[in-house]
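Structure, as structure tokens:
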Amino acid sequence: MLLPISPIDYDIVHPGDRQVGDSYKAARVLVRWDGVPLGVIQVPVVAGKVLAGEVAYRIMNHLQPRLGREMARRILMGEDASLHAGAPTPAPAVPTISVAVCTRDRPDDMDKCLAALVSMRVQPLEIIVVDNAPATEATERLVKDKYPQCRYVRENTPGLDHARNRAIVESKGEIVAYTDDDVMVDSGWVEALGKVFAEDPEVGLVTGLIEPAELETEAQALFERYGGFGRGCVRNYLKSRRGEPMPWNLIGAGQLGAGANMAIRRKLFDEIGHFDPALDVGTPTLGGGDHEIFFRCIRSGMACLYEPTAIVRHRHRRSMPELHKLLYSYGHATRCFFEREAEEFPTDQAAIKNLCRWWWKYWAWARLARALWSPEWFPRDLVMAEIKGYMKGKGGYRRAREKIVPDESKRPDKFLIPFAPRQAPRKIDRSTMVSVDIAEPLPTLHQGQGRDALNVFVQWKGRPLGRVKVRCQEFAVVPSRLADEISKHLWWEVVTLGEQNPSVAWSAEIARWQERLNPAPLKLEEAEEEMEGVSIMVATCGRPDDLRRCLTSLLASETKRRVQYIVVDNRPGSGSTRELLKEFPGVELVEEHRPGSSYARNAGVAAARERIVAMTDDDMEVSPQWLENLVAPLSRNDVSAVTGNTLPASLDSEAEMQFEEYGGFCRGYQQREFDEYWFHRWKRRATPTWQLGGTGNLAFRRSLFEDPAIGHFDERLGAGVPAGVGEDTLWFYQVLRRGHVIVYEPAAMAWHHHRVTMGELRKQIMAYSKGHVAYHMLTYLRFRDKRALVRLGYELPQSMASRLWAKVRGRDRYPWRLLAVEIVGMMLGPLSLWQSMRHVSRHGTGARHALMEVPNEPSGVQQEPSVAKPA
């Protein structure tokens, strides 16, 4: 897993490099436009910085439609749509807001939380710290000594919802906003909440975006991968009819986020009741209080809004035991939440059953199935923890309520809105057509009152642009909501208003964005002594003429780096390599007597002195710029390996042409990145690591060999052993599995001399077929990756059958004999792997780098390679 990652904000009205520190591999960048979040992207760290050019490249690749929608929204609202800092708009009259922070014995977290609260641009009416059944007086001393502007309240009854209810009683504002002690709010948090409540009086609940405050540990990264608290960067309106049964997809209210970032109108509590004290942290139910109040807010008929501009950052659990406990509590609280609503709202029981079925099918079982197929994506024990919590939660709510609120007449969470009589569902929405000209300021559409939806006909100065359906649910549609809906569906038409050729206008707009997002880069000082050295390793096996040609091209490389040249002779008995290297003084010789290319390459890495290692083969020739182009992507902290573009040196013989038809070594002419998300994208199929390239054109950080979870090339695979090839694809698999990034760089060009006779080609394809099967068998045997079974049991047989059928029908010119060699090689794969295991058992473990611990390997005597000094 790629860690640590630095979460940062990046406002595109102030583009530029951001300093994060060289210890971070990447940055999780929340992209904003004058405070409005557009999306989240992951950007590499280079020399301790997040470069503006890297951010701009990813924004234009991933967030271009979102940029267009936000630009359209600003045009519709009459705001500044240029990528420049706009003049501050006069603040509208907003309702008073009381901020409540509920805490228990976490003064260090509380200190960080309060520091952020008192630093906001707009201060709330009051900040209340509710200390819930504290064991010490540390929080009280912190508030009174360091934050006297905040009010300290002690609630002796344990339970988070008890503390939340105490905040309702103590607060004075029209809005009660809640956050947690392990949260740091954005400087515009209260400002964003107040703006939403002021714009739309029908909004009763607002939640906001919750981003991670840090991603330092595996547990924190896994929590985000599991779903986290964030719900994206797009507004979401939720509403149901007052007093009527709710649709099942609104009952869970998961679209709204979590209680660490929520605000509720005080008057709404008079109708829906306070928080249920039998739920959430500090009670036997372990959680669920926030989603339960969301449920009642939606059921009240008032609009509930997810507003991403109200941003907070949450510090996730740092350790795996804490995460395990947290997910167990989530499952337990989910079951208690379902039981509570089914008991309190009998008319919603059918919808709750539908939601329970959805939870089992699309949440629990789907995640468990993925964890079983690909354990590296998310540990199975964490998924099982949530499922076990759900199972254990049966009857938990009833027991908790009898213990905490035994007297039903004193419950503070009574829902006072009467149930409407059940009505047959309407087949057709009650709607009407409304015309809006966006050349004028957007109006409030009062026609929505008493109707389910509005069909808004959008025009500009009499020119029709399109029609948008707005689900108003019997409420008026305010201008901000109308702008959201129009920009969501008609953003292209809005941003190209008045243009004769919209496509050209949009291209010009993109060019302006790119110019603004790519400020003039600062010149990096590149001193010669600071350039990273490289150890270049060439494996050879009794081919002195090929080796001479390869070394000649390597020594002609245009580089100012410190370079260590290593030749590993995997057939040293003849002495031809030692004799040849007399022509190349300064080239070091490593003699590896154990047969196998993996033995040879591991010996070369063990002899490497530089932190970057580059590899090629003796039948390769490299371009003068090969080395610099190959190692250039390694300037990024997140990139651990780079493969290059391997082209055919000649295509003069039939064998060379047929090898290119077979697939060759070239992997295209566009740079590509392969990371853990690409690795896990193939949910039911084996990850095609053979698309990355090979060891004949490779550079990597030597530290990968020092990681026991990656380590050396597997000696059971590779040329020279019965299983044939596959050591490079297995090594790529291990690198990606650990979360590292591999880049394919087509500018790092090298030329391979293919086999020139058909006999040699058949032998090569036989080795490739056996090695491919052996590789998949090892991914299953070593890592229990069940996707390999799909590849072996279905994909390969189906592929061979379809190729045979195409050959029979005369639609494939591939030679019968080569196709037969592939099929025989795949059938011999299991046997060849067993033979390779015996081979390694006889010859022992290969050479290892001095800093690396050798994991459990087949028994045998370790033989150190002999190293000859340079001539």
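The values are calculated or read from the model by the stated rules, or taken from the named source; none is laboratory data. Quantities reported herein were computed from a predicted structural model and do not represent experimental measurements. Cβ: placed from backbone, ideal geometry, glycine included. Neighbour counts: every protein chain shown. Just the protein is used for accessible areas: all its heavy atoms, side chains included, with ligands, DNA and RNA removed. Shrake-Rupley method; radii C 1.70, N 1.55, O 1.52, S 1.80 Å.
Residue separation times 0.36 nm, minus the C-alpha to C-alpha distance between Leu781 and Leu125: what's the value? Please report the intermediate quantities before stating the final value.
Working: separation 656, 0.36 × 656 = 236.16 nm, distance 6.21 nm.
Length difference between fully extended and current span is 230.0 nm.
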R0 of 41 Å, Cβ-Cβ distance Tyr669-Lys488: FRET efficiency to nearest 0.05: 0.65
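Report, to the nearest whole %, how much of the accessible area of the chain belongs to carbon and sulfur atoms, 1.4 Å probe, protein only. Let's see the in-between values first.
Working: 19660 of 37370 Å².
It is 53 percent, rounded to a whole number.
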Region 328-442, dipole about Cα centre (Lys/Arg Cβ +1, Asp/Glu Cβ -1), debye to the nearest 20: 620 debye
Highest-first arrangement of 196-202, 207-213, where packing means the average Cβ count within 10 Å: 207-213, 196-202
Coarse-grained scattering of region 334-379 at q = 0.20, 0.26, 0.33 Å⁻¹, given as base-10 log I(q)/I(0) from a Debye sum over alpha-carbon atoms: -0.66, -0.84, -1.08
Rg/Rg_ref, region 568-612, where Rg_ref = 2.2 N^0.38 Å and atoms are Cα: 1.18
Convex hull volume of region 248-344 per residue (C-alpha atoms, cubic angstrom): 119 Å³
Separation between Cα centres of region 304-364 and region 584-598, rounded to whole Å: 59 Å
As computed over region 527-622, the Cα convex hull volume per residue (Å³): 84 Å³
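If packing is taken as the mean number of other Cβ atoms within 10 Å per residue, what is the order of 551-562, 826-837, 284-295, 447-458, highest first? Don't jump to the answer; show the numbers that get you there.
Values: 551-562: 15.0, 826-837: 19.2, 284-295: 25.9, 447-458: 17.7.
Result, highest mean first: 284-295, 826-837, 447-458, 551-562.
About its Cα centre, what dipole magnitude does the chain give when the only charges are +1 on Lys and Arg Cβ and -1 on Asp and Glu Cβ, stated in debye to the nearest 20? Before the final figure, lay out the partial values.
Numbers: 116 positive and 112 negative charges, 656 e Å.
The calculation lands at about 3160 debye.
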Radius of gyration, Dmax [region 421-492; alpha carbons; angstrom]: 13.1, 46
Positive-end residue of Ala198, Gly21, Gly273, charge dipole of the chain with Cβ unit charges: Gly273
Base-10 log of normalised Debye intensity for region 181-224 (one unit scatterer per alpha-carbon) at q = 0.16, 0.18, 0.22 Å⁻¹: -0.59, -0.67, -0.81
For the chain, alpha-carbon Rg relative to the globular expectation (2.2 N^0.38 Å, N residues): 1.12
Scattering curve values for region 320-360, log₁₀ I(q)/I(0), Debye with Cα scatterers, q = 0.17, 0.28 Å⁻¹: -0.51, -0.90
Charge context of Arg738, other residues only, Cβ under 9 angstrom, K/R +1, D/E -1: -2
Under 5 Å, built H, 5+ apart or other chain: amide partners of Asn236: Tyr306
Probe 1.4 Å, protein heavy atoms only - accessible area per residue of the chain in square angstrom: 43 Å²
Region 361-372 - phi-based ³J(HN,Hα) in whole Hz, Karplus 6.51/-1.76/1.60, Gly and Pro as x: 6, 9, 10, 6, 5, 4, 6, 5, 4, 5, 5, 6
Residue (of Tyr306, Ser171, Ser623) at the positive-pole extreme of the chain, dipole from beta-carbon charges: Tyr306
Rough spin-label spacing in nm, given labels placed 7 Å along Cα→Cβ, for Lys146 and Ser650: 7.5 nm
Relative contact order (percent, whole number), the chain, Cα cutoff 8 Å, 6+ residue spacing: 10 percent
Amide N of region 1-38 lying under 16 Å from the label point, which is placed 7 angstrom from the Cα of Trp506 along Cα→Cβ: none
Selection from Gln764, Val40, Gly393, by position along the positive dipole direction of the chain (Cβ): Gly393
